[in-house]
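Reviewing the structure listed below.
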Amino acid sequence: MNITYQEYDKNVVVNASIGNEKVDMFEARREPFQIFGLFEPKDMAKDRYERMPYTIAKSISDGVAVQSYEPAGAKVRFSTDSDFVAIRVENCWLTRRPHFTDIEAGGFDLYEDTDDGAILHGVFIPPVGVTEGFESIVRFSDRKKRNLTINYPVHASVKNLYIGIRPGSSLGPGKPHINDIPVVCYGSSITQGTGTSRPGMVYSNILSRRLNLNIHNLGFSGQCKGESAMAEYIAGLDMSAFIYDYDENAPTPEHLQATHEPFFRIIREKQPNLPIIMLTRPSIPSRNAKHKPFRDIVYQTYNNAIAAGDKNVWLIDGTEYVKEFGGDDCILDGIHPNDYGYMIMAAQIQKILEQIIADSSNFRKV
């Protein structure tokens, strides 16, 4: 059924279809919406969202360049007293694979940010077979002012996102994070969020909700090889903490040996006091022997840092927490965590981030 958008300023989109509601629809790049986890997301000249500058991504690899256009871990925050939120999304592509859900790959989910934590209100689900975009709506049980977060998809390229509310409703900025300076994550498809059921279950998004953090996800499925150019780019970012876990993408132990500690040293040289968390891949028991050489190399980087007197480095062992929390049952396909696995990962990282937050001036107390 067709709806009529009430066009009262230049930012309102007209002639769309979401049920039979009248909707005011706004471009998410414009104020008062706040977008996090993307590179220059408010630049209206860009033809799509990106997580890092394309020219830098291209200099690293074609794969990183392509996936830099997939907004994994990104989110938009705002407030409204509307009794529904609608979206209209325009995609360049939506990637489908057997171990992706369509909601993870191309959907969005909607949370309310309350003083007692975040509450899931619904999911914007792409219709079966859609590739170029869709429209969807999530309704609330009542009308009151809410601070809201919409999480972007994991494996789609998004040209534009429009957000709709009931005509006459208020619209304002969302709840502020406790850190203006982002935590940055770098890693494999596990960091990007492959294997989740929906975007909110990416571990960076779980942490963002639980701790009210601004987190920038630089996970690139199959493409994270610890290149020095990527390390130099990340070292130049303004970060409140750094998390990295790319051993899953290292083709051989020799490759990881040649890149893992040099990657760490590039970051540490430019940011000597930055909290850095290293992870090893979540490993199911049947693959522990195969993964042990990679795990040992990450331990070597960590132990060398500790021996050198580094007091701002931590290590999380994926073999150990998988063993402790369900073994095989927290892994989807032998490689990627399922939602349970991502929650476990987030819990391990959260314990360290809580310590970092308590000790670091990069986190303001609210």
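The values are calculated or read from the model by the stated rules, or taken from the named source; none is laboratory data. All values derive from a computational prediction rather than experimental measurement. Neighbour counts run over all protein chains shown; Cβ positions are idealised from the backbone, glycine included.
Of the residues that make up the stretch 24-35, is at least one in a helix (DSSP H, G or I) and touching a Phe, Trp or Tyr at 6+ places or on another chain (Cβ under 6 Å)?
First, pick out the residues of the stretch 24-35 that are in a helix (DSSP H, G or I): none.
The answer is no; no qualifying residue exists.
Taking only pairs six or more apart or across chains, which ones have beta-carbon atoms under 6 Å, a first residue in the stretch 181-201 that is within 21 Å of residue 235 (Cα to Cα), and a second residue that is among the polar types (S, T, N, Q) and part of a strand (DSSP E or B)?
That search, which allows pairs on different chains as well, returns 185/217.
Mind counting the residues in the stretch 196-241 that are within 14 Å of residue 184 (Cβ to Cβ), part of a loop (DSSP other than H, G, I, E, B) and among the hydrophobic types (A, V, I, L, M, F, W, C)? Working first, answer last.
We begin by selecting, within the stretch 196-241, every residue within 14 Å of residue 184 (Cβ to Cβ); these are 203-204, 207-208, 213-220, 224, 230-241.
If we keep only those that are part of a loop (DSSP other than H, G, I, E, B) too, we end up with 213-214, 220, 224, 236-240.
Subset that is among the hydrophobic types (A, V, I, L, M, F, W, C): 213, 220, 224, 237, 239.
Of the residues in the stretch 196-241, 5 are within 14 Å of residue 184 (Cβ to Cβ), part of a loop (DSSP other than H, G, I, E, B) and among the hydrophobic types (A, V, I, L, M, F, W, C).
Given the residues 206, 266, which is the only one that is of a type outside the set (Ser, Thr, Tyr), out of contact with any strand residue (DSSP E or B) (no Cβ under 9 Å at 6 or more places or on another chain) and under 22 Å from residue 326 (Cβ atoms)?
206
Identify, from the list 236, 219, 226, the residue that is at pLDDT 95 or above, within 21 Å of residue 50 (Cα to Cα) and within 13 Å of the chain's Cα centre (by Cα).
Exactly one residue qualifies, and that residue is 219.
Which residues, taken from the stretch 24-65, are surrounded by fewer than 16 Cβ atoms within 10 Å (Cβ to Cβ) and of a type in the set (Val, Ile, Thr)?
Passing the criteria: only 55.
Hey, can you tell me all the residues within the stretch 271-295 that are in a helix (DSSP H, G or I), closer than 16 Å to residue 226 by Cβ and not aromatic (Phe, Trp, Tyr)? Don't jump to the end; show me each part of the working.
Of all residues in the stretch 271-295, those in a helix (DSSP H, G or I) come to 285-295.
From what is left, the residues that are closer than 16 Å to residue 226 by Cβ are 293-295.
Across the stretch 271-295, the qualifying residues are 293, 295.
Since residue 275 meets every condition but one in (1) over 26 Å from residue 207 (Cα atoms); (2) in contact (Cβ under 8 Å) with a residue 60 or more places away in the chain, which condition does it not meet?
(1)
Take the conditions under 20 Å from the mean Cα position of the chain (by Cα), surrounded by fewer than 22 Cβ atoms within 10 Å (Cβ to Cβ) and either of a type in the set (A, V, I, L, M) or not assigned by TED's automatic domain parsing to the domain that holds residue 96 (or both) and apply them to residue 181. Does it pass? Break it down into steps so the answer makes sense when it comes.
On the way: under 20 Å from the mean Cα position of the chain (by Cα): yes; surrounded by fewer than 22 Cβ atoms within 10 Å (Cβ to Cβ): yes; either of a type in the set (A, V, I, L, M) or not assigned by TED's automatic domain parsing to the domain that holds residue 96 (or both): yes.
Taking the combined requirement at face value, the residue satisfies it.
Determine whether the stretch 92-101 contains at least one residue that is in the same structural domain as residue 37 (by TED's automatic domain parsing), more than 17 Å from the chain's Cα centre (by Cα) and more than 22 Å from residue 332 (Cα to Cα).
Scanning the stretch 92-101 turns up at least one residue that is in the same structural domain as residue 37 (by TED's automatic domain parsing), more than 17 Å from the chain's Cα centre (by Cα) and more than 22 Å from residue 332 (Cα to Cα).
In contact with a Ser or Thr (Cβ under 9 Å, 6 or more places away or on another chain) and not in a helix (DSSP H, G or I), is that true of residue 335?
Working: in contact with a Ser or Thr (Cβ under 9 Å, 6 or more places away or on another chain): yes; not in a helix (DSSP H, G or I): yes.
Judged against the criteria, residue 335 is a match.
Tell me, which residue of the stretch 301-317 that is free of Cβ contacts under 8 Å to residues at least 40 places away in the same chain and part of a helix (DSSP H, G or I) is surrounded by the most Cβ atoms within 10 Å (Cβ to Cβ)?
302
Can you tell which of 191, 149, 196 is touching a helix residue (DSSP H, G or I) at 6+ places or on another chain (Cβ under 6 Å) and crowded, with 18+ Cβ neighbours inside 10 Å?
Details: 191 fails: touching a helix residue (DSSP H, G or I) at 6+ places or on another chain (Cβ under 6 Å); 149 fails: touching a helix residue (DSSP H, G or I) at 6+ places or on another chain (Cβ under 6 Å).
Selected residue: 196, the only one of 191, 149, 196 that is touching a helix residue (DSSP H, G or I) at 6+ places or on another chain (Cβ under 6 Å) and crowded, with 18+ Cβ neighbours inside 10 Å.
Quick one: which residue in 151, 212 is in contact with an Asp or Glu (Cβ under 8 Å, 6 or more places away or on another chain) and within 18 Å of residue 39 (Cα to Cα)? Show your work before the answer.
Details: 212 fails: within 18 Å of residue 39 (Cα to Cα).
After ruling out the rest, the residue left standing is 151.
Mind telling me which of the residues 212, 217, 160, 147 ends up being of a type in the set (S, T, N, Q), under 28 Å from residue 350 (Cβ atoms) and assigned by TED's automatic domain parsing to the domain that holds residue 105? Quick ask: steps written out before the conclusion?
Working: 212 fails: assigned by TED's automatic domain parsing to the domain that holds residue 105; 217 fails: assigned by TED's automatic domain parsing to the domain that holds residue 105; 160 fails: under 28 Å from residue 350 (Cβ atoms).
147 is the lone residue from the list that is of a type in the set (S, T, N, Q), under 28 Å from residue 350 (Cβ atoms) and assigned by TED's automatic domain parsing to the domain that holds residue 105.
Name the pairs: first residue in the stretch 26-55 and among the aliphatic types (A, V, I, L, M) and at pLDDT 95 or above, second residue part of a strand (DSSP E or B) and loosely packed, with under 13 Cβ neighbours inside 10 Å, Cβ to Cβ under 6 Å, at least 6 apart or on different chains?
Listed by first residue and then by second, the contacts come to nothing, as the list is empty.
Regarding residue 205, is this residue in contact with a Pro (Cβ under 8 Å, 6 or more places away or on another chain) and polar (S, T, N, Q)? Talk me through it step by step, then tell me what you get.
Details: in contact with a Pro (Cβ under 8 Å, 6 or more places away or on another chain): yes; polar (S, T, N, Q): yes.
For residue 205, the condition - in contact with a Pro (Cβ under 8 Å, 6 or more places away or on another chain) and polar (S, T, N, Q) - is met.
What are the residue pairs meeting all of these: first residue in the stretch 96-111, first residue under 30 Å from residue 79 (Cα atoms) and without any contact (Cβ under 8 Å) to a residue 40 or more places away in the chain, second residue aliphatic (A, V, I, L, M) and surrounded by 19 or more Cβ atoms within 10 Å (Cβ to Cβ), Cβ atoms under 8 Å, and 6 or more apart or on different chains?
Listed pairs, sorted by first residue: 102/94.
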